[in-house]
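Working notes, beginning with the structure itself.
The values are calculated or read from the model by the stated rules, or taken from the named source; none is laboratory data. The structure presented is a predicted model; accordingly, all values stated were derived computationally and were not measured. Cβ coordinates were reconstructed from backbone atoms using ideal geometry, including for glycine residues, and neighbour counts include every protein chain displayed.
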Amino acid sequence: MSALRKKANRKEMRETKTDTFGDVTIDDFANTLRIHGRIKKSITNVSNEVKEEAAKEELVWNEEDEETSLRDSTRGRRSRRRLKSQKENDENEGIDYLLDIWFIISEYIEPEAIGKFARICKSSYYVTTTGKFWFHLYKKYYKFVSDMPERLQPQCMSLYGLRARVIRALYYSYFKTPGGVRCDMSYLRPEEPDSLVKRKCTLMWHKEVKGRWIFYFKLKEISKTRNTPLKRNKQHDKKTEFLDTLEDVAVNPEDGCKVLRVSCLKYSMIPPVIGLVLQTAYAKLVCSRGVSEQQLYLEFGTSDVHSTLTNQIILRNVMAYNILNWWDPIYPHQDVSRAIELPQSDSWD
């Protein structure tokens with residue numbers, strides 16, 4: 001009996017040993033009677049093969065992802081280039097008319113529409129910088145006005161500074177008619193004195209007219225561009241080209257200048273402020289002893305910084321004040337004839 005039992009036990013051991021060869025399942029570990037020391041080499045080989053296959057698949061997927069990302073980036077670059085070229089084509093699209101056509105169109109432009117016409121394109125802007133355009137505009141809208149200065153008359157018209165003179169003549173004969181203003185200028189609201197801040201006073205004077213004192217302050221806009229040596233050389237070259245200077249249509253000595261005109265009931269002593277910069281300007285209503293008067297305060301300094309205040313002007317009994325642009329007929333140009341009232345003095349008798 002003992003020999004039969006030994007054979008049976010050997011048979012069971014063989015069966016269990018043969019069962020370990022192959023794939024390992026959960027049932028093998030759950031119902032096993034023995035604790036295995038280590039996994040057989042065959043099983044580890046299978047797991048290594050599975051890992052290698054998984055690594056290969058992952059490498060293939062990574063390569064495919066890189067290829068797709070490269071394709072997407074190249075497509076993105078191509079689409080951006082296509083959009084950029086399409087945009088450039090859209091910007092370049094249009095008809096480039098001859099310059100002669102723009103000159104013909106400019107003959108039908110009214111004075112109040114010159115700015116809109118100049119902003120259409122480069123060719124239309126160039127037309128507005130030529131003497132031909134301004135000569136035609138002057139001849140078309142010129143009318144004799146008694147108070148028009150002699151310099152703005154047809155016999156005095158030349159290329160030098162033609163644009164500014166034509167604009168001034170239009171404000172005498174076209175924009176202001178006997179019945180009022182020709183076109184709507186409601187957008188040109190009266191300016192306040194504080195709009196003149198950061199301008200330099202280049203000239204100041206006063207005069208008495210019919211018992212009232214009128215004070216004038218000519219303020220010019222300060223240029224922010226520096227006078228570099230290269231710029232000085234260019235200016236010197238332009239000065240040497242005398243003929244080109246005489247044909248400069250856009251020359252305007254009064255460009256960037258405005259005049260503050262203040263009318264007062266009484267004379268006020270004021271310090272000289274020529275060469276100084278206006279820092280503060282405001283009007284104030286002052287009441288004293290039941291009487292109210294309007295006063296205008298002007299503060300000047302060596303620069304536009306408030307800490308450099310040097311002179312203060314106080315104009316009392318102010319009746320009215322207004323700001324004059326260079327194209328306004330009331331603007332005190334040198335060519336405007338005005339009667340100078342001399343102070344009355346005792347006779348020699």
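Residues that are exposed (fewer than 14 other Cβ atoms within 10 Å of the Cβ) and touching an Asp or Glu at 6+ places or on another chain (Cβ under 6 Å) do occur in the range 253-274, at least one of them. Note down all Cβ pairs under 6 Å where the first residue falls in the range 278-297 and is under 29 Å from I222 (Cβ atoms), the second is among the hydrophobic types (A, V, I, L, M, F, W, C) and exposed (fewer than 13 other Cβ atoms within 10 Å of the Cβ), and they're at least six residues apart or on different chains. That search, which allows pairs on different chains as well, returns Q294/L285; Q295/V286.
I'm trying to understand the selection: among the residues of the range 89-104, which are charged (D, E, K, R) and modelled with pLDDT under 90? Correct list: D90, E91, E93, D96.
Take L298 and decide whether it is surrounded by fewer than 16 Cβ atoms within 10 Å (Cβ to Cβ) and touching a Leu at 6+ places or on another chain (Cβ under 9 Å). Here the answer is no, as L298 does not meet what is asked.
Within the range 112-131, the set of residues being in a loop (DSSP other than H, G, I, E, B) and either within 16 Å of F175 (Cβ to Cβ) or free of Cβ contacts under 8 Å to residues at least 40 places away in the same chain (or both) comprises R119, I120, C121, T128.
Close Cβ contacts (under 7 Å, 6 or more residues apart or on different chains) running from residues in the range 132-152 that are within 9 Å of Y172 (Cβ to Cβ) to residues that are surrounded by 18 or more Cβ atoms within 10 Å (Cβ to Cβ) and of a type in the set (K, R) comprise L152/R165; L152/R168.
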